[in-house]
Amino acid sequence: MNFFRFLKKEDQGKSPKGSESLEKIFGHFTGLLRENNETLELMADLEEKQGGHFLFDMSYLRSTADRIAEKVGLIVTHLIEIYPNRYEELKEIYQGILLEVQKNLDRKKEIPRTDFTLDLNRITSGSFPQTGGKNAHLGEVKNVLGLPTPEGFAISTYGYIYFLSHNNLQDRILSLLKDSSLSSQKALQVTEEEVKTLIHQARIPPDMEEVILDSAQKIGAGRKTEAGLALRSSALLEDAHFSFAGQYDTFLNITPQAVPEKYKAIVASQFNARSLFYMKSKGILEEEMAMAVACQNLIPAKASGVLFTSHFDPEKGEVVLINALWGLGKWVVEGTISPDQYLLDKKTGQVKGQKISRKHKQLIALPGGGLAEAIIPESLQEQPCLNPEHLATLWEWAGLLEAHFHHPQDVEWALDPEDRLFILQTRNLRGYEKIEKKKSLEKTFLDYPILLEGGTVGSFGIGAGPVFKIRSPEDLTDFPKGAVLVAPHTSSRLVSVMDKAAAIVTDIGSATGHMAILAREFRVPTLVDTEKATRVLEAGQVVTVDSFQARVYAGRVEPLLSELPKEQTLFLDTPVYERLQEIIRYIVPLNLVDPKLENFNPRSCRTFHDIIRFAHEKSIEEMFKLSEREDIKKLSPVRIRTHLPLNLHLLDLGGGLKRAGSHRVLPPENVVSVPFLALWKGMTSPGIHWAGPIGVDVKGLLSVMAQSATQSSDDFWDRTLALVSLNYLNFSSRLGYHFATVDSYCGPVRNDNYITFVFKGGAADTLRRGRRARFLGMVLEELGFEVMIKEDLVKADYRKYPQPMTEEKLGYLGRLMGCARQLDMILADENLVAWYAQAFLSGNYEFKR
C-alpha cells in the first residue's frame with residue numbers, strides 16, 4: 001500500500017509542520033501492519049498443514065519458514081524505525097528464535113562409518129542404519145530365523161555417502177532437490193535428468209570399487225548354477241517405514257564385473273521423478289535419503305511369486321495370500337501378467353480358494369547374463385505352479401515371519417530347479433487392515449447399471465469420478481484430480497497420480513503387486529485383474545468403483561458414497577511432518593496475550609508470533625504517543641466522542657478531520673474521511689451491539705473460561721487507532737480476543753479503490769473460531785469479496801469498484817464486525833454457520849429466531 005501516492009492527490013496546499021517525520025513514521029507503521037497481516041496468513045498456512053490432510057515437502061517448509069522469518073525481521077526493523085533506540089533489544093530476541101528455526105530445518109541424520117560392504121551373514125535388524133531396510137530384514141530372516149535365503153552382501157549406506165563425497169555431489173544434489181516441487185511433474189522430471197546425469201558421470205572411488213568387485217566375486221564363486229547376481233535397492237527408509245514398492249531399479253542375472261556400474265544406476269534411480277514424488281508425498285526429508293544396495297546370488301527359479309502373511313478377502317475373510325508364476329517373479333510384482341492365486345486359512349493352512357491362470361510365457365535367466373522371455377510348454381500353461389507341499393511350507397513361513405516381525409509381511413519367494421524354496425526379501429505389509437463390511441455395503445444398487453463386476457481387490461474403498469484412461473506414461477502428466485484411473489495393467493509408475501485418483505481399475509494385475517501396495521498406502525480404492533476394464537469403461541464416463549464388492553457402477557452412487565469414512569490424515573508421523581512440529585513451536589504459539597501483564601516485553605518473546613504481537617501492540621502505542629514528539633505535535637491523535645463503548649482515536653494524515661481549535665476530543669461529525677464515515681455508518685446501524693454479554697451455551701462458556709462471555713465493554717475494547725485522510729482509512733484494532741483490520745481507499749477514481757479486511761483469533765476453542773471464520777467467509781463471498789480462509793484467519797479483498805459500491809461494502813463490514821463480536825462462543829454446531837450467515841444477509845443483525 002503506497003498511501004502517500006494517494007495523499008499527494010488530496011494535498012490542497014502546504015503540508016503541515018512535521019509532515020516529513022510523519023510520512024516516515026507512517027510508512028514504517030503501515031509497512032509493519034502489512035507484514036503483520038501477511039505473516040499471520042503464512043502462520044495460518046503452517047497451522048493448516050498441522051492437520052495432516054495436505055501434502056507438503058521440505059521445499060515448502062523451508063520457503064515458508066524463510067518467508068515468515070524475513071517478514072518478522074522487517075516487522076522488527078519497522079518498529080525500531082518508528083521509535084529509534086527504544087526496541088533494539090528485539091533484534092537479539094529475533095536472532096535467537098531464527099537460529100532455533102534454522103537449526104531444526106538444517107538438522108541431518110548422521111550415517112555411521114562402516115566397511116563399504118557387509119556380508120549378509122553379519123547382518124540383522126540392528127544393521128538397519130548401515131544396510132537399509134531390505135538388507136536388515138533379509139539378514140534377520142537368515143541369521144535369526146534360520147530360513148533359506150540366497151548368499152549375498154550389502155553395499156553400505158556409508159559407501160553411498162563416500163561415493164557422493166568423493167564426487168562432491170551431496171550439496172549439488174540437495175540443492176536440486178530443494179528446488180523441485182511436489183506439485184509439478186515436469187519439474188520433478190527435470191530434476192531427475194539433472195541428478196541422474198551427475199551420478200552417471202561420477203566415478204566410484206577406486207578403493208570402494210575394489211571392495212565391491214571382490215565381494216561380488218566371492219559370492220559368485222560359491223554358485224552351483226550358471227546364474228549370475230541380483231542387485232536390488234535397500235534405501236535407508238525402504239521396506240521399513242515406507243515400502244517404496246517398485247520405485248527403484250533392480251538388476252537380475254548380472255556378472256560380478258557389472259556390479260559397480262549397476263550400483264550407480266540404482267543410486268540414480270533414487271531420483272526418478274516417480275521416486276521423488278513418492279518421497280515428497282510421504283514427507284521424507286531429502287537429507288535423510290541414503291541408498292544401500294543388496295547383492296545376492298540369483299535363484300534361477302522355475303517358479304516365483306509373492307506371499308502376504310495376512311490378507312483380507314471379501315468372501316473368505318482373513319487368509320494367507322500367495323501369488324505364483326513360472327520362471328522369475330519380476331512380472332508378479334510388476335502386475336503385467338495375471339498369476340496363480342492361492343488363499344490359505346491362517347490357522348490351519350487349508351486351501352480356502354485358488355485361481356489357476358493360463359500362463360503363456362515366463363521370464364528366464366540366460367547363461368552368461370541377461371533375461372529373456374520363453375514360451376511355457378503347453379502342458380504347463382494351465383498347471384498350478386505350486387503343489388501342496390510348497391503351499392504348506394510357505395504357510396508355515398508366513399506364521400514365523402509375521403510372529404517375528406510383529407506385523408503382517410509382504411514376502412518375495414523363489415522355487416529353484418531342485419524344488420527348494422528361498423525367501424528373496426520381506427517387508428512390513430503396508431496399508432494392511434482388517435475390513436469390517438457394513439451391511440449397507442453388501443447391497444446391490446439396482447437403480448445404477450453395473451458396468452463391470454469381478455476382479456481382485458487391490459485396495460478397499462469406494463470412489464467416484466470420470467474415467468481417465470492411461471495408455472502410456474506420458475498420459476499421467478494430464479491426469480485430472482478426482483478422476484478414476486483405468487489402465488491395461490498395473491504399474492508402479494502410477495504412484496505419481498495416486499494423490500489425485502478417486503479410484504484405480506486395471507485389466508491385469510495382482511493384489512501382491514507393487515502398484516496395489518502403493519494404492520493401499522495412498523488409500524485409493526483399487527480393482528485389478530478385471531480383464532476388460534479398458535474395453536467396458538469409456539473415457540469421461542462418470543462411474544462409482546466399489547472395491548468391497550468388486551463392482552463398477554454407471555454414475556455416482558450416492559448411497560454408497562455416503563458410507564465413506566471421514567477423511568483420514570495420511571501425513572501424520574512422517575519425517576517432514578515431525579520436522580514441521582519441531583519448527584512450528586518457534587513460530588506459531590502465542591505466549592504474549594495480555595499487554596497489561598508484566599511479562600509483555602521483548603525478553604518474554606519465545607516465538608515469531610510473540611514478536612509480531614509485541615511489535616503490533618507497541619507500534620499502535622507509539623502512534624498514540626505522537627503528541628509527545630516535538631516535531632509532530634500538531635499531528636497527534638484525537639479521540640472520537642461517541643455513545644458507543646469504543647476507545648477510538650483518529651490520526652489525521654490530511655483532509656480527514658475538520659479541526660476545532662486545540663480540542664483533543666471531537667464528535668464523529670468532525671470526521672470527513674469518506675471510507676471512515678462509510679464504515680462508521682455500518683458500525684452504528686440499528687441492531688448492532690458493541691457491548692454487553694451474549695447468549696452462550698455451556699460448552700462455549702467453558703471454552704473461554706467463563707469470564708470472556710461477560711467481560712465488560714471497557715475491557716473488551718483495547719484502544720483502537722484509525723489513520724484517516726479524505727479518501728483513506730486504516731482501522732486496526734484488537735477487539736477483546738480477536739484482531740481485525742480494515743484498510744481502504746475510497747474515492748472517485750475506480751481503479752484506486754480497494755478494501756482489505758483481515759480477521760483472526762477469538763476467545764473460544766479452535767473448532768468454534770473456525771466456525772466463525774466460515775460464517776464471515778460465507779457473508780463476505782455473498783457480498784462480492786474474494787475470500788481466503790485458513791483455520792481461524794479470514795482475509796477478504798474488494799478491489800476496483802466505484803465509490804458508491806465501495807462505501808456500501810464498508811458499511812457492511814462495520815455491521816459485520818459488530819455482529820461477529822463474540823459469535824465464536826455461540827456457534828456450537830456446524831449447521832448454525834449457514835443460518836447465522838443468512839440471518840445477517842437478510843438484515844437480522846440481532847439473530848432473532
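Show me 477-487, 520-530 ranked by packing, highest mean number of other Cβ atoms within 10 Å first.
Working: 477-487: 18.3, 520-530: 25.3.
Highest mean packing first, the order is 520-530, 477-487.
Send over a whole-number figure in Å² for the accessible area per residue of the stretch 323-380, probe 1.4 Å. All intermediate terms of the calculation are to be shown ahead of the outcome.
Working: 2790 Å² over 58 residues.
Roughly 48 Å² per residue, with all protein chains present.
Obtain the radius of gyration and the Kirkwood radius of the stretch 55-107 from its C-alpha atoms and give Rg over Rh.
1.09
Excluding ligands and nucleic acids, what accessible area in Å² is computed for Lys264 using a 1.4 Å probe, to the nearest 10?
Solvent-accessible area, nearest 10 Å²: 10 Å².
How much accessible area per residue does the stretch 51-206 have, counting only protein heavy atoms and a probe of 1.4 Å, in square angstrom?
Details: 7180 Å² over 156 residues.
Normalised by residue count, the accessible surface of the stretch 51-206 is 46 Å².
Using only the Cα atoms of the stretch 310-433, what do you get for the radius of gyration and for Dmax, in Å?
Rg and Dmax of the stretch 310-433, Cα atoms, are 14.9, 46 Å.
Could you order His616, His407, His663 by accessible surface area, starting with the largest, using a probe radius of 1.4 Å? Could you put the intermediate results ahead of the total?
Numbers: His616 5, His407 65, His663 115 Å².
Most to least solvent-accessible, the answer reads His663, His407, His616.
Measure off, as a whole percent, the carbon and sulfur share of the 1.4 Å-probe accessible area of the stretch 324-377, all protein chains present.
Working: 1390 of 2510 Å².
Carbon plus sulfur share of accessible area: 55 percent.
Of the accessible area of the stretch 472-519, with the probe set at 1.4 angstrom, what percent is carbon plus sulfur? Intermediate values should be presented prior to the final figure.
Working: 680 of 1320 Å².
Using a 1.4 Å probe with all protein chains present, the stretch 472-519 comes out at 51 percent carbon and sulfur.
Report ³J(HN,Hα) in whole Hz for each residue of the stretch 385-395, in order, from the Karplus equation J = 6.51 cos²θ - 1.76 cosθ + 1.60 where θ = phi - 60°; Gly and Pro get x.
Using θ = phi - 60°, the values come out as 6, 10, 9, x, 5, 4, 4, 5, 5, 5, 4 Hz.
Compare the peptides 649-656, 664-671, 592-599, 68-75 by average per-residue count of other Cβ atoms within 10 angstrom and give them in order, highest first. Could the numbers behind the result be given before it?
Details: 649-656: 22.5, 664-671: 14.2, 592-599: 11.4, 68-75: 21.0.
Top of the packing list down: 649-656, 68-75, 664-671, 592-599.
In debye, nearest 20, what is the charge dipole magnitude of the stretch 721-849 about its Cα centre with +1 on Lys and Arg Cβ and -1 on Asp and Glu Cβ, if you could check?
Numbers: 17 positive and 15 negative charges, 33 e Å.
It comes to approximately 160 debye.
List, in order, the whole-Hz ³J(HN,Hα) value for each residue of the stretch 537-546 obtained from phi through the Karplus relation with A = 6.51, B = -1.76, C = 1.60 and θ = phi - 60°; use x for Gly and Pro.
8, 9, 4, x, 5, 7, 9, 10, 9, 10
Short version: ³J(HN,Hα) in whole Hz for each residue of the stretch 38-46, in order, from phi by Karplus 6.51 cos²θ - 1.76 cosθ + 1.60 (θ = phi - 60°), x for Gly and Pro, what are they?
5, 5, 4, 5, 5, 5, 4, 5, 4
If you keep only loop residues by DSSP, which trypsin sites (Lys or Arg not before Pro) in the stretch 340-403 have at most 15 other Cβ atoms within 10 Å of their Cβ?
Lys347, Arg358
Could you please state how large a percent of the accessible area of the stretch 126-205 is carbon and sulfur, counting protein chains only and using a 1.4 Å probe?
Values: 1520 of 3220 Å².
Carbon and sulfur: 47 percent of the exposed surface of the stretch 126-205.
The values are calculated or read from the model by the stated rules, or taken from the named source; none is laboratory data. As the structure is a computational prediction, the values presented were derived from the model and not from experiment. Positions of Cβ are generated from backbone atoms using ideal geometry, with glycine treated the same way; all protein chains shown enter the neighbour counts. Just the protein is used for accessible areas: all its heavy atoms, side chains included, with ligands, DNA and RNA removed. Shrake-Rupley method; radii C 1.70, N 1.55, O 1.52, S 1.80 Å.
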